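Accompanying notes for the structure given below.
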Amino acid sequence: MKFKISILLLFLFVFSYSAFSEPNSLSQNWVSRGSIVCDSIERTYALLVPPAVSAKGKRVPLVLVLHGGGGNAQFAMKSSGFNAKALKEGFIVAYPEGSGRMKNFLLTWNAIHCCGSAMRNKVDDVGFISKLIDKLEQEYPVDPKRIYVTGMSNGGMMTHKLGIELSDKITAIAPVVGTLFGDEKQPVHPVAAIIFNGLLDKSVPYSGGTHGGRFADSWDNVPPLKVEDQATFWAKANGCKSAPQIFENSSFRHLKFVCPAGKNVDMYVIKDQGHAWPGGLKGSSMGDNPSKAINATDLMWEFFKTQSK
């Protein structure tokens, strides 16, 4: 019964988001959809290649944006605002989609300890993203030295996992309201990171130790770490020797690790932020309101621009 209720709530969440987010901007005109077969499963993604990007022109960055648990590519587009950013700045943005029993919604990522059917079925999402990066490099003028990944919630957890397991391909990551669990291995190569969490988040609590929110039963029983442990994990992985610089005001706490070869680690803990994309759009009537203290998309893109393999 508990599982059925959770699925119903998740359906209502995605339905209300989908009704909210019908295409309403010119950026949607440049979006295409594609698929790739991984482990005999057709995996899907949305793609925006700005018209200024020529197939024969100079190579440009690629940003992959992962939706949260129960979402889809449309969710990620609307909540993050990355279409407008890609058109303005001239980079390619892809929105891979997780897996699930329903093709276009209730999709999740296998981040080991979360979430849903992707976790339970041990779906190879790392293999999917790796193949997708290879495909986009072959078909478009993607600069292999400037590949960046971000994602929200379950997508933020998956962003960490991709940074760890695809550190040879990924230049920098930007998890949003994600977490780590303490049993992650160290990446082979340094990966710069900028991380965003909310002090008021009930799904990924600041203090760690337990997880909550509407879909807590989509996780396993491994408790998440304190959110700031994400920054110390990547600081260690990147060989940062000194303690972070800390900047704090009434709106947020900013930790900054200065690391070798510029593979820096930044973290923002936003004080009026729940489980949402800071500076983005609210996903549904049941979702948390995004903080306006910062714009995560603006900050992560400025951070990404400083990073190259």
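The values are calculated or read from the model by the stated rules, or taken from the named source; none is laboratory data. This is a predicted model, so every value here is computed, not measured. Here Cβ is always computed from backbone atoms with ideal geometry, including for glycine, and neighbour counts include all displayed protein chains.
Please specify each residue of the stretch 257-292 satisfying the condition of being among the acidic types (Asp, Glu) and surrounded by 21 or more Cβ atoms within 10 Å (Cβ to Cβ).
Matches in the stretch 257-292: ASP266 only.
I'd like to check something: does the stretch 132-155 contain any residue that is buried (at least 21 other Cβ atoms within 10 Å of the Cβ), more than 15 Å from the chain's Cα centre (by Cα), in a helix (DSSP H, G or I) and β-branched (Val, Ile, Thr)?
Yes: the stretch 132-155 contains one or more residues that are buried (at least 21 other Cβ atoms within 10 Å of the Cβ), more than 15 Å from the chain's Cα centre (by Cα), in a helix (DSSP H, G or I) and β-branched (Val, Ile, Thr).
Could you please let me know if ALA243 is in a loop (DSSP other than H, G, I, E, B), more than 20 Å from the chain's Cα centre (by Cα) and among the aliphatic types (A, V, I, L, M)?
Against the criterion (in a loop (DSSP other than H, G, I, E, B), more than 20 Å from the chain's Cα centre (by Cα) and among the aliphatic types (A, V, I, L, M)), ALA243 qualifies.
Which of the residues spanning the stretch 144-156 are touching a strand residue (DSSP E or B) at 6+ places or on another chain (Cβ under 6 Å) and not β-branched (Val, Ile, Thr)?
If we filter the stretch 144-156 for residues that are touching a strand residue (DSSP E or B) at 6+ places or on another chain (Cβ under 6 Å), which is where we start, we get 146-152, 154-156.
Selection gives ARG146, TYR148, GLY151, MET152, ASN154, GLY155, GLY156.
Out of (1) over 18 Å from TRP301 (Cβ atoms); (2) hydrophobic (A, V, I, L, M, F, W, C); (3) modelled with pLDDT of 95 or more; (4) buried (at least 19 other Cβ atoms within 10 Å of the Cβ), the odd one out for VAL188 is which?
For VAL188, the exception is condition (4).
Consider the stretch 104-131. How many of its residues are surrounded by fewer than 24 Cβ atoms within 10 Å (Cβ to Cβ), assigned to a loop (DSSP other than H, G, I, E, B) and in contact with an Asp or Glu (Cβ under 9 Å, 6 or more places away or on another chain)?
Residues flagged as surrounded by fewer than 24 Cβ atoms within 10 Å (Cβ to Cβ), assigned to a loop (DSSP other than H, G, I, E, B) and in contact with an Asp or Glu (Cβ under 9 Å, 6 or more places away or on another chain) within the stretch 104-131 amount to 5.
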